[in-house]
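The structure appears below as C-alpha cells.
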Amino acid sequence: MTSFDTGTRVRLPGSSEWVTVRGAVPFEGGWHLFVARDDGTLTEHKVSDSAAVEQLSEDGGAESAAVLAGLWTQWMRAATQNACTGFFNVTVPVRASATGTLAGKRTISAQLQTSMGRATNRVTLVCNPSLP
C-alpha cells in the first residue's frame, strides 16, 4: 500500500491536473485524499487503487530546458500578479488653416488614478506636419 505525505504533488486518476496532498486517511480498501488545487480550492477524493495515483518525485531526470521553462513561467506569473499597468491614448486633430497646418508644441497635464495611487504627468504634444 502506497502512502501519501502532506505536500506531495499527485495526479489523480482521470485528471490531467497536478494537485498537492493536504491530508490522507487510509480506509479499508483505499485512501481518502484531501488535495489542494493550484487556485487554492480544497477537494476530497476517495481512491481505491493507490497505484493509479501518479506521484511527482525528484529524480533529477528532467530535461533542463523544460525545467527552466517551468521556472520562468512561474516567476513571470508571480511578477505580474501585482503589477500596475495601463496606457494613455490621446488623439489630437490637426486643423488646416489658410496659412497651412498649425505646427508647434502643446503641453497638457494628465492625471491617472490607479490601484497604487494617483499618477500625474505632463505630456508635450509636438506637431510637425509633413505635407506631400
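Restricting the stretch 19-57 to GluC sites (Glu not before Pro) that sit in a DSSP loop and have at most 12 other Cβ atoms within 10 Å of their own Cβ leaves Glu28. Modelling each spin label as a point 7 Å along the Cα-to-Cβ direction, I'd like the Asp49/Asp5 distance in nm, to one decimal. Spacing of the two 7 Å Cα→Cβ label points: 2.6 nm. With R₀ set to 22 Å, the beta-carbon distance separating Ala78 from Arg118 gives a calculated FRET efficiency near 0.25.
Each reported figure results from applying straightforward, stated rules to the coordinates on display, with no laboratory input. Keep in mind that what you see is a predicted model, and the values were worked out from it rather than measured. With ideal geometry, Cβ positions are generated from the backbone for all residues, glycine too; neighbour counts draw on all protein chains shown.
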